[in-house]
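Okay, structure first, notes after.
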Amino acid sequence: MQSPLWIIHLGGKFPRAYDDAILQATQNSNGGVASNISTVIKCIATEKASGLSVIDGYSWTVEKSNSETSTNNSIEPIAARQLVLNLSKQSQHQLSLQELDTIHQVAKNYDIVTPYSSMIVLVNDQQREHLKKAEAKTDRFDTEVENGVEQLDKPFNPFEVSGTPEPDLWLSLSLVAIALFLVFQRQRVIKIPD
């Protein structure tokens, strides 16, 4: 078994994201990310003493259960993430379609992002229909890579509204409207009679 790979950010400044290879290496080695060395030492010592995985300050173990619990607990997404990692590590071979579907369903149920799923914002019925068709395909977990030379089947229409404007856009539009109103009012007041 390989030693865990830990990334320590002294000073507590964490990057927004990590390269996929670095993230995969830390997950595969049961390592992680910390802001101080003492946290890493505690995790490694606890794992060696108990044989349990220590992540996010909790000791984790996965057991089969015959009952289904339905508690609304804030720790459930963290536990679901650990279940996904455990399910993906159990298999020494490439995961079957059924195993990938199970992992994907856990991710959907708990709104988590995994290496086998993502959070997608769908804004119209056409996108929802496209997702349903993609989920029904037998190669649904194969990554499609675009090469940048694909032809668009529907040209971009700048007059088509595709979603709700962001709050900063509303603020900008409001400021422009107020500025135009003030300029118009000032021009009315400054008119010099003949």
query: Do any of Lys13/Lys42; Lys64/Lys133; Lys64/Lys89; Lys13/Lys89 go past 23 Å between their Cα atoms, and which?
result: Lys64/Lys133; Lys13/Lys89
message: Can you compute the FRET efficiency between Ala45 and Phe14 using 1/(1 + (r/R0)^6), with r the Cβ-Cβ distance and R0 = 22 Å? Round to the nearest 0.05.
response: 0.40
message: Expected output is a single nm value to one decimal: the length gained when fully extending between Ser65 and Leu52, i.e. 0.36 nm times separation in residues minus the C-alpha distance. What is it?
response: 2.9 nm
message: So for each of 22-28, 175-181 I average, over its residues, the number of other beta carbons within 10 Å; can you give me the resulting order with the highest mean first?
response: 22-28, 175-181
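We did not get these values from a lab; they are worked out from the coordinates using the rules stated. Since the structure is predicted, the reported quantities are computational estimates derived from the model, not experimental observations. Methodologically, a virtual Cβ is constructed for each residue, glycine included, from the backbone with ideal geometry; neighbour enumeration extends over all protein chains shown.
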